[in-house]
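Take a look at the structure set out below.
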There are 4 protein chains.
Amino acid sequence: MAAKKGLLERLAVSPVIGDGGFVFALEKRGYVKAGPWTPEAAVEDPEAVRQLHREFLRAGSDVMQAFTFYASEDKLVNRGNHAGQKIGVEAINRAAAKLSKEVAAEGGALCLGGLSQCPSYLTGLGEQKVKEEFRKQVKVFVEEDLDFLLCEYFEHVEEMEWAIQVCKETNKAVAANMCIGPDGDMHGVSAAECAIRMARAGADVVGVNCHFDPFVSLETIKKMKAGLDAAGLSPYLMVQPLAYHTPDAGRQGFIDLPEFPFALEGRICTRWDMHRYAREAYEIGVRYIGGCCGFEPYHIRAVAEELSAERGCLPAGSEKHDMWGAGLKMHTKPWVRARANREYWEKCQPASGRPFCPSMSKPDNWEITAGHEDLKQHDTETTADEMKRVLEFKKQ
Amino acid sequence: MAAKKGLLERLAVSPVIGDGGFVFALEKRGYVKAGPWTPEAAVEDPEAVRQLHREFLRAGSDVMQAFTFYASEDKLVNRGNHAGQKIGVEAINRAAAKLSKEVAAEGGALCLGGLSQCPSYLTGLGEQKVKEEFRKQVKVFVEEDLDFLLCEYFEHVEEMEWAIQVCKETNKAVAANMCIGPDGDMHGVSAAECAIRMARAGADVVGVNCHFDPFVSLETIKKMKAGLDAAGLSPYLMVQPLAYHTPDAGRQGFIDLPEFPFALEGRICTRWDMHRYAREAYEIGVRYIGGCCGFEPYHIRAVAEELSAERGCLPAGSEKHDMWGAGLKMHTKPWVRARANREYWEKCQPASGRPFCPSMSKPDNWEITAGHEDLKQHDTETTADEMKRVLEFKKQ
Amino acid sequence: MAAKKGLLERLAVSPVIGDGGFVFALEKRGYVKAGPWTPEAAVEDPEAVRQLHREFLRAGSDVMQAFTFYASEDKLVNRGNHAGQKIGVEAINRAAAKLSKEVAAEGGALCLGGLSQCPSYLTGLGEQKVKEEFRKQVKVFVEEDLDFLLCEYFEHVEEMEWAIQVCKETNKAVAANMCIGPDGDMHGVSAAECAIRMARAGADVVGVNCHFDPFVSLETIKKMKAGLDAAGLSPYLMVQPLAYHTPDAGRQGFIDLPEFPFALEGRICTRWDMHRYAREAYEIGVRYIGGCCGFEPYHIRAVAEELSAERGCLPAGSEKHDMWGAGLKMHTKPWVRARANREYWEKCQPASGRPFCPSMSKPDNWEITAGHEDLKQHDTETTADEMKRVLEFKKQ
Amino acid sequence: MAAKKGLLERLAVSPVIGDGGFVFALEKRGYVKAGPWTPEAAVEDPEAVRQLHREFLRAGSDVMQAFTFYASEDKLVNRGNHAGQKIGVEAINRAAAKLSKEVAAEGGALCLGGLSQCPSYLTGLGEQKVKEEFRKQVKVFVEEDLDFLLCEYFEHVEEMEWAIQVCKETNKAVAANMCIGPDGDMHGVSAAECAIRMARAGADVVGVNCHFDPFVSLETIKKMKAGLDAAGLSPYLMVQPLAYHTPDAGRQGFIDLPEFPFALEGRICTRWDMHRYAREAYEIGVRYIGGCCGFEPYHIRAVAEELSAERGCLPAGSEKHDMWGAGLKMHTKPWVRARANREYWEKCQPASGRPFCPSMSKPDNWEITAGHEDLKQHDTETTADEMKRVLEFKKQ
């Protein structure tokens, strides 16, 4: 394993396949709470986290992303979250790092630590305070010697630049993803400009994650690439979108859709959507292709199967699948055996089974962002008065 | 453990919550192949199976169903499936039984072994041969001393009667579910008549599983109950439906829908659908309330949360949820905090995000059933000639 | 005109094509008020009524139905309707009769007068009072010597029998349509039983009109035919359905759908739906095939084009159409010319262009019928108190 | 009539309400052939045309647009159309002009003659030939002394400029509408630039018609207005959109949608859509507000009802409607009376009744425009070879 190739070496020769979103997958399994979305399960239920890593490894992921989403200290104590006090930022990041390293070692994968945006920025506490938050996590990632760093899920490019700068204080390769769509960041910075600023801040890999579906996200990547090309910059490109269809999302993505987060089921992508996603991403020039919220192991397997020629192998998990549903040749009923082919699934237009529901929704659109009073974070629980206020605002 | 109350004692005092469908959940995780749908993962990947058991236990399941779906010997060798030869019917059933017993012991749950319909019946091999298949599995369940037996996923009530009769050769309690809808079984026996025949064959608990969504399945249960009442029979009632909306399915259920099995995502029920399902099932008089294909742990948790007053407790997993999405009070954005209440989610009409897809599909309708040439099973793989024939039939 | 063949003679040799619904068509043109739906336009705007007759004649209608829908005296004065006092029942029925006779003469069509259910029945005034209402209309139809009589749009078979009995006091042929679906009439009489009672009351032609779409209506006809066959009765069969898709309507049909009557647009049938309707109706054995609310002249033309072989002619209006859209061969754009064929239109699955709307609705279901206080009719306008009461009921 | 105020005088003080699309309305009534879409009915069936004019007048139209759509000589003989030879360009335009003048006089409305794009332009015959075509029509409009001229339904702004120039050879006021969407004309000229060029060519009123729904068309108008403002130009603004929802149309509008022209029913706007359209148009600053294909008299009545305060009157046809469905207070059933209010209809999300159909379609996208071989027009009928070629192209 001494000869294990690093991220940039791998990207130079073949696509690298990411993993899927841990918070949504583990919420469904019972180990993460929707709302805070923090990863204390790395300490509380390591078996569940380890099992999910292994499933993604088996599905074809080349990287094991430590489960450190939203694991900044200010988030771990936000609005009555006790994970910060009871377990602590260092313990959570260290446990997560060890789990990713352990499973990565089982399959020659790379391990990485991730930073995400933090409440201190939204509350307006400024560069030094925000960077301090990031340094607490990065310190652990370096001590655990993870292979590279990823700044992911940032809505404001200014905060992203600070995160990249902190990561560049190490000698690790740095990847960076904004969680934005084609309309750019929450302050109105265009997608192209975001990409340029990330590359100039030192990111080796640049792209987007979360908030939008695979196809909307690729529209964003196209704009980023055009900007980077025009600026003479050529970082590797990366994308880790949602596995939820979001043609109707506004600037802030799926969070504003009324179905978020407990009624998104009807929007879940099929494995065939993922074949198309992987192919289109690769053709645009993206080389780090993964997933975010909603991605389950079988979605990543579909990405790996689509790119099996480019990668020179099928994932281990394909022994329980076979390409394009060929396993259906073993089905009892002849009309299901008749579906064991690519043409059938490529043409399928899946029904929702919900004739009383629409196909698109109007997103909430509160038009408030960093610095606004209602976005200020605090340690104490949301009060009844605060709840009353948001419910009244909602009615308008 | 001597004092552990049995199934019938439990049903007498409070609702018993089942678990979810293992084959679909493990297919998405990479351990089961769609097509044969056999459970050799119990031997090949016990960690993955154990983890899923634990998730359902944590979600509130009162029973741990050994992962023995389709684990009859004739199915394990059907159409090129090597699980029968390489691992063997006894090893798979025994491993599955031990896993369920092990996890059940962690939480005071009951463990049970299940039988399902077998290819020998479809091929027309007759009562003795079919019963022999069942006895191979039941022998293991008795040796492992599982708490009770379940005959589940039968399309023909005649075969179901044989299965119940084999189970009644033991002294275990016996539950029995047809996988039928309101139109009755594949030979045209009505739902009411199926229920009566199951009860008369000796089943202590009677109902349906799989093939239809929760609300269609409850329509079937109503017909069964009416028939049982009229016949003066009063077994406990049970339901373990799909977690996929199937208002458009025909007599054979979701298997005939064109989305089966790889494009069903848009049909997945939300947790709020499951609240409604649990309430309606309880009010009809069903006392064993679980799930089948598509049910993930969070679906079972929703059932357990809805029935928490009747059961006198919340499931362990609710620490990561809180009733009716109350965890959202901890969300960063105020408009998401505004969704932390029951009214919001009960009114939500979730969009599909797929404006180019319909809301309902026309099911395949090949109109062939037990005894038909195309349903005859064999050990060897499906040949190219067989595939050509079904594809040609499909075009008509 | 002496040699003009009567209705029964025509039905014996070939399908007879009805016309479309005047109240909805003239509401869109500005001459009928939705709510009362009464036909005083026959007196107020005869040109508009005559023009619509001519359009249906040109489209292929073999009959000109006098515009006497809801033209009973009790309806003409109901809830503040002034048509009864200002114009009078006789004047309206006579003007309508003359218009139909005039246009029928232009094209060898038959003319007929129609009776529909009346408020006196709903209010519970009894047989004698109800029959008196009918006789006022029938007297005019006989004086004007219309070719035959039609009792149409009855929700209760008892009232229908009284209407048929009044018609049988003349020597005219009598046709009769309930406005019911497969579940039968508002008192729970089955569709089959309704048909039998209509035939036994003396109707020469029996069927359904209004309230349901063509395909639901044909399901009702199948049930009627089965009942008639079993009873050894063989009247001619007739159907005049809505041109609105109503798969989601309940027992009372489209009136209960939330879109009634001002947001039904998305449900309007295409001409190709009407080809299919005409063919299926004919194959079931229906010989009088027309339309009701929503049918525009081009819908009737589609019926006539579909049955052109059976009738031995195309309608006059086909000079501006050509079968299966062949006129598109003259379109400027090549990709529209490519649509000038039957296969294209038969396969077309038309989109709604309304991604924020569902495909089906839940009908109102107030479960009240004849005799209920809220259905009692009166001459005076609906009071503010009455409106308040219904709006409060609605909220529950 | 000497004192009748002209178009510009009227626009200066209050909104002017246009009429609806004659070709689609008369196609449904049986007098226009889809494909050529030419208006020879003005000669062949003047009663039908006169009746439609009267319905729009009654609905509130302030203008009677002579039925001269596509009445250029080259169009009247295109691809086997015999209207050119048998009736002739002058006769059709003159008959249409007289009908509009006649009905306008009945209600103090203005009459106008319209020019639309002609095959000679698409075939590339050049400015002089195209202008000659226009002059044949304008000559008749001047001889008949229509009140003003309208150049409408132009896909290329260059041809539009030629049309305006021909109209400016008279002393009539000139209005001008491109049939484009927010993406601009078929040669890639932006909507803003089109508006500027129309105004500079001399149009007194500038806007769009046809091809897109009301709300998409208003997006186009906003872009036009922004361009005009920036250029210091201030013609009156006009909009006459489709009455079909087209959120999914591409650059060429509804013609490319697979439902065009015979399966658009599901897309028809309700009267409540028209209330919203009229209000939004007025608020943007549009003062000539009418309709195009799909608009029926009741749609125009809804526009007139919405703007009744601004115009100081209700249309005559409102005697058969009452605002916001108040006529329903006279309905027999209480739950329909409960719908007699604005809130009910504004909240209504109408279902399609077509659960097997999608909500949006993918438009055809042949990417060919003026000058392309397949767009060249000719007098002779489309040959079998031509049809074969387009059908083969379609399959690709």
To confirm my reading of the symmetry, which residue of chain D has the Cβ nearest the axis that brings D onto B, and what whole-Å distance does it have? D:P358, 3
Sorted by chain and then number, the residues having a modelled amide H within less than 5 Å of the amide H of A:C151, at least 5 places away or on another chain, are A:L115, A:A175, A:A176, A:N177
Quick one: Cα centre-to-centre distance for the stretch A:26-40 and the stretch B:248-295, in angstrom? 24
Most fluctuating residue of A:L307, A:L76, A:L264 in a GNM of chain A with Cα springs under 10 Å: which is it? A:L264
Compute the relative contact order of chain B as a whole-number percentage, counting only Cα pairs closer than 8 Å that sit 6 or more residues apart in sequence. 18
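Please give the charge dipole size of the protein assembly as shown, origin at the Cα centre, charges +1 on K and R Cβ atoms and -1 on D and E Cβ atoms. Round to the nearest 20 debye.
Computed about the Cα centre, the dipole is about 0 debye.
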Fewest first, what order do C:K225, A:K5 take by the number of other Cβ atoms within 10 Å? A:K5, C:K225
Cα gyration tensor of the stretch A:150-285, axes a ≥ b ≥ c as square roots of the eigenvalues: rounded (a/c below 1.5), prolate (a/b > b/c) or oblate? prolate
If r is the Cβ-Cβ distance from D:N365 to C:E132 and R0 is 51 Å, what FRET efficiency results, to the nearest 0.05? 0.20
D:D385 to D:R276: extension gain in nm, 0.36 nm per residue of separation minus the Cα-Cα distance? 34.5 nm
Can you list, shortest first in nanometers, how far D:K5 lies from the same residue in the other copies, with each label 7 Å from Cα toward Cβ? 6.1, 7.9, 8.5
List, in order, the whole-Hz ³J(HN,Hα) value for each residue of the stretch A:230-237 obtained from phi through the Karplus relation with A = 6.51, B = -1.76, C = 1.60 and θ = phi - 60°; use x for Gly and Pro. 5, 8, x, 10, 9, x, 5, 9
Output, in nm with one decimal and in ascending order, the distances from the B:K347 label point to the matching label points of the other copies (7 Å from Cα along Cα-to-Cβ). 0.8, 4.3, 4.4
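So which trypsin sites (Lys or Arg not before Pro) in the stretch C:319-396 are both in a DSSP loop and have at most 15 other Cβ atoms within 10 Å of their Cβ?
C:K376
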Please turn the phi angles of the stretch D:378-395 into ³J(HN,Hα) values with the Karplus equation 6.51 cos²θ - 1.76 cosθ + 1.60 (θ = phi - 60°), one per residue in order, whole Hz, x for glycine and proline. 8, 5, 6, 4, 4, 7, 4, 4, 4, 4, 4, 4, 5, 5, 5, 4, 4, 5
In whole Hz, what ³J(HN,Hα) sequence does the stretch D:274-281 give by Karplus (6.51, -1.76, 1.60; θ = phi - 60°), x for Gly and Pro? 6, 4, 5, 4, 4, 5, 5, 4
Rounded to the nearest 500, the 222 nm mean residue ellipticity computed for chain D from DSSP H runs (n ≥ 4, each -39500 (n - 2.57)) alone is -12000 deg cm²/dmol
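Which whole-number percentage describes the relative contact order of the stretch B:19-123, with Cα contacts under 8 Å and a sequence gap of 6 or more? Please list the in-between numbers first.
Values: 169 pairs, mean separation 32.6, N = 105.
Answer for the stretch B:19-123 is 31 percent.
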Scan of chain C for GluC sites (Glu not before Pro) in DSSP loops with at most 16 other beta-carbon atoms within 10 Å gives a longest site-free stretch of C:170-366
Classify the stretch A:7-322: rounded, prolate or oblate, from the alpha-carbon gyration tensor (a ≥ b ≥ c, eigenvalue square roots; a/c under 1.5 rounded; otherwise prolate if a/b is larger than b/c)? rounded
Check which residues have an amide H placed less than 5 Å from D:L110's amide H, if you skip close sequence neighbours. D:V63, D:M64
Which residues qualify? For D:V16, with a placed amide H closer than 5 Å and at least 5 residues away or on another chain, they are D:Y288, D:I289
In terms of the alpha carbon gyration tensor, root eigenvalues a ≥ b ≥ c, rounded if a/c is under 1.5 and otherwise prolate when a/b exceeds b/c or oblate, the protein assembly as shown is oblate
From the Cα centre of the stretch B:342-391 to that of the stretch A:211-241, the distance in Å is 37
Ascending list, in nanometres, of distances separating the A:D374 label from those of the other copies (7 Å, Cα toward Cβ): 3.8, 5.1, 5.7
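What are the trypsin sites (Lys or Arg not before Pro) within the stretch A:84-125 that DSSP puts in a loop, where the Cβ has at most 10 other Cβ atoms within 10 Å? Don't skip to the answer; put the middle values down first.
Numbers: sites: A:K86, A:R94, A:K98, A:K101; in loops: none.
Nothing satisfies the criteria.
Read-outs: derived from the displayed coordinates by stated rules, not from any lab. Since the structure is predicted, the reported quantities are computational estimates derived from the model, not experimental observations. Every residue, glycine among them, receives a Cβ derived from its backbone with ideal geometry; neighbour counts consider all protein chains shown.
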